[in-house]
Amino acid sequence: MAFDSYRDFLGRLDAAGELKRISQPVATELEITEIADREMKSSDGGKALLFEKPTVNGEVSPFPLAINTMGSWRRMAMSMGANSVEEVAADLGTLMKAKPPTSIREAMKLLGTAFELRHAKPKLVKSGVCKEVIRKFDAAVSRTEPWPSAPDVSRPADFDPKPPTLLNLPIQKCWPLDGGRFITLPCVVTKDPDTGERNVGMYRMQIYDAQSAGMHWQLQKVGARHGRRYYETGTRMPVAVFLGGDPIFPFAATAPLPDGLDEFLLAGYLRKKSVELVKCETNDLEVPANADFVIEGYVDPTEPLRLEGPFGDHTGYYTLPEPYPVFHITAITHRRDAVYPATIVGMPPMEDFYMGGASVKLFLPVFKMNFPEIVDIALPAEGVFHNLVFVSIKKSYPMQAYKIMHGLWGMGQMMFTKYLVVVDDDVNVHNTSEVLFRLCANTDPQRDSIFTKGPADVLDHATSEMAIGTKMGVDATRKLAGEGFKRTWPPLIRMDEAVKKKFGA
C-alpha cells in the first residue's frame, strides 16, 4: 500500500489505535527522548507518539514531531501495507524462486529484476508537494553569522514568515552528553560520479549552525564510497536529504541492499506503486515528490573535516568525536502540513530493533537462495543489530555450520557480526532462551569455536582499532563423526506425543 504522505500513515496508525497524541509542549532537548524511550521499552514496542507542540529552545515549533512509528511488528507491517512482515517476505521469496540464481551476483541481479517486474522503476515528475514552501540560501552568507534579514526565498502567495532553517526545525538533542542536536531519521541521497548509480542511506547529521551539518557516513557505507571519489577529484559533491513522505522510505534507506541496487526500487516494490521523484532546486539529485522536508546541499572536498559527536548510539554507549565531512545547506523545501519524523537510538530495545528485524525477515529468501540449508536468522535486541546473530540450519554434513559462518560474514552488513551462533533446524532462533540452552548444552568451547578477523562497525568502541576487529563463531549444532566427535550423540528429552495429546497438548 502506498501512503500519499507521512500524515496519511499517521492517520492509519491513529485509526488502528497505534498512535498516542501529546498535545502539551515538550522540549526537543532530552524530554522527547525520555518519553519515547519509555514507550519503546514497554510491551511489544508501545505506541507511536505524535508530539503536537515540540519546543526548540523554549519556542513551539510549527511542525509536529512523530516518533516510534515503526517500533512494533504491527506498525512495521502497516508501513508496508501488509498484515505481517512475513507476508511480504513470502511474496518476495515467490518472485525469487521463479529463476533460481547460481551465484550471489546473479541473486542480486535477480532481486533487482524482481522489483522492476512487480512495479515500475521510479519516475521523474515536474514538481511535488515537497516544494510547497521553498527557501534557497545565499551561499555567500557565513555559516557562523546571524541569519540575514532578507534571505533568498521563493515566496508562494501565503508564504510562512518564519521559513525553516536547521536551527528552528524540531531537531532533537537526545542524550545528556550529546555534542548537540542531530537529525535522527535522514534519508541521504548521493550518486556515484562514475556510474551515476544512486544510493539512499541513513547517516546521522549533527547540526553545527543554520546552514551546515555533519555528514556521518561511516567508512564502509556506500555514501562514503561515493564521497571518496569526489575527494579524489576535488570536485564539489551534491547531496540531498529528505525526511518523511511514505514511511517505507527510511526502511528502504536502512535495508541491506547490495551496492548499485536502487533503494527507490525496493520502496516501489514494497508500496506497490512506483516512487515519483522530483529534481532538487539547487542540484541535479532527485528526491520523493511527497517528502515532508528536503534539505539540499553539498560536501566540499577541499575543506578540512570537522569533529562530529559525541552522540549516544545504538550500541548503548556514546560514540566519541571523530572527523567527518561538513554538509553545506543550499535550500530547504517542505510541505505546508509537514510532520517531522524522528527516532532515537540507545540501550536496546529501541525502534530500530523492529526495522532491523524486518530487514532480516524480508531478505531471508535471498540468504536461502545462496545457502539453502538456512532455516531462519535472528538478530536479538541485545546484539544491537549485527553484534549477535543466531542462525538455524538443516545440517547434513560435517563442518556445515562453519560454511554458513564464513558465508554470512561475507554478505553485506553481516561483515560486522561479532558473535555468530549456528544451531539445528528444530531450534526457534527468535527464542533466545532456546538458543542459549543449545549453546551451553551442545558445545565444547575449544572444539566448537572459531575466531577470525575482519571489518568492524566504526561505532564499536570495544575494538582496539577503529573499524578493525575479530569475530567469533560457535557451532551449537549436534556433532557428527567427521567433526572429531567420537561418542554417541544423545537424544533430546521429549514426552511421548500420545501422552501429550491425552492431556490436551
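The values are calculated or read from the model by the stated rules, or taken from the named source; none is laboratory data. Remember, predicted model here, so these are calculated numbers, not experimental data. We place every Cβ from the backbone using ideal geometry, glycine too, and count neighbours over all the protein chains shown. These accessible areas exclude ligands, DNA and RNA; they are computed on the full protein's heavy atoms, side chains included. Shrake-Rupley method; radii C 1.70, N 1.55, O 1.52, S 1.80 Å.
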Query raised in the report: Given a 1.4 Å probe, how much area per residue of the chain is accessible, in Å²?
Result: 44
Report summary line: Here, E382 and L320, labelled 7 Å along Cα→Cβ, have an inter-label distance in nm of 2.7
Query - Whole-percent carbon and sulfur share, accessible surface of the chain, 1.4 Å - result: 55
Query - DSSP-assigned coil residues among trypsin sites (Lys or Arg not before Pro) in the stretch 189-246, each with at most 15 further Cβ atoms within 10 Å - result: R236
Query - L277 long-range amide H proximity, modeled H, under 5 Å - result: K123, L124, V125, A289
Query raised in the report: So how long is each side of the stretch 173-316 along the principal axes, counting just the alpha-carbon atoms, biggest first, in Å?
Result: 42, 36, 29
Report task. Mind listing the long-range amide H neighbours of M205? Cut-off is under 5 Å, sequence gap 5 or more, other chains count too, H placed in the peptide plane at 1.01 Å from N. Result -> I183
Requested in this report: May I ask you to derive the relative contact order of the stretch 243-333, considering only C-alpha pairs under 8 Å and at least 6 residues apart, and to give it as an integer percent?
Outcome: 24
Report summary line: Nearest-0.05 FRET efficiency for S449 and D8 at R0 = 41 Å, using Cβ-Cβ distance, is 0.25
Report summary line: Within the chain, the percent of DSSP beta bridges that are antiparallel, given to the nearest 5, stands at 70
Query raised in the report: Can you work out the base-10 log of I(q)/I(0) for the stretch 362-430 at q = 0.25 1/Å, using the Debye formula on its C-alpha atoms alone?
Result: -1.24
Report summary line: Calculated from DSSP helices alone, with each H run of at least 4 adding -39500 (n - 2.57) and the total divided by the residues of the chain, [θ]222 nm to the nearest 500 comes to -7500 deg cm²/dmol
Query raised in the report: Quick one: which of 25-38, 254-267 comes out on top by average Cβ neighbours within 10 Å, and what's the full order, highest first?
Result: 254-267, 25-38
Query raised in the report: Restricting the count to DSSP beta bridges whose residues both fall in the stretch 399-490, what percent are antiparallel, rounded to a multiple of 5?
Result: 65
**Report entry** Distance between modelled label sites at Q220 and D426, nm, 7 Å Cα→Cβ extension
**Finding:** 3.5
Query - All Cα pairs of the chain, percent lying beyond 33 Å - result: 41
Report summary line: Rounded to 0.05, the calculated FRET efficiency for the beta carbons of E497 and K403 at R₀ = 51 Å is 0.95
Report summary line: Relative contact order of the chain (C-alpha contacts under 8 Å, at least 6 apart) in percent is 15
Requested in this report: Output the peptides 439-451, 238-250 sorted from most to least packed, where packing is the average of other Cβ atoms within 10 Å over each peptide's residues.
Outcome: 238-250, 439-451
Report summary line: Sorted on mean Cβ neighbours within 10 Å (highest first), peptides 314-322, 359-367 come out as 359-367, 314-322
Report summary line: A chain fully extended from R21 to D44 at 0.36 nm per residue, minus the present Cα-Cα distance, gains in nm 6.4 nm
Query - Convex hull volume per residue in cubic angstrom - Cα atoms of the stretch 218-264 - result: 92
Report summary line: Taking a crude spin-label model, label points 7 Å out from Cα along the C-beta direction, the Y231 to M415 distance in nm is 1.6
Report task. Express in whole angstrom the spacing between the alpha-carbon centres of the stretch 124-139 and the stretch 327-365. Result -> 22
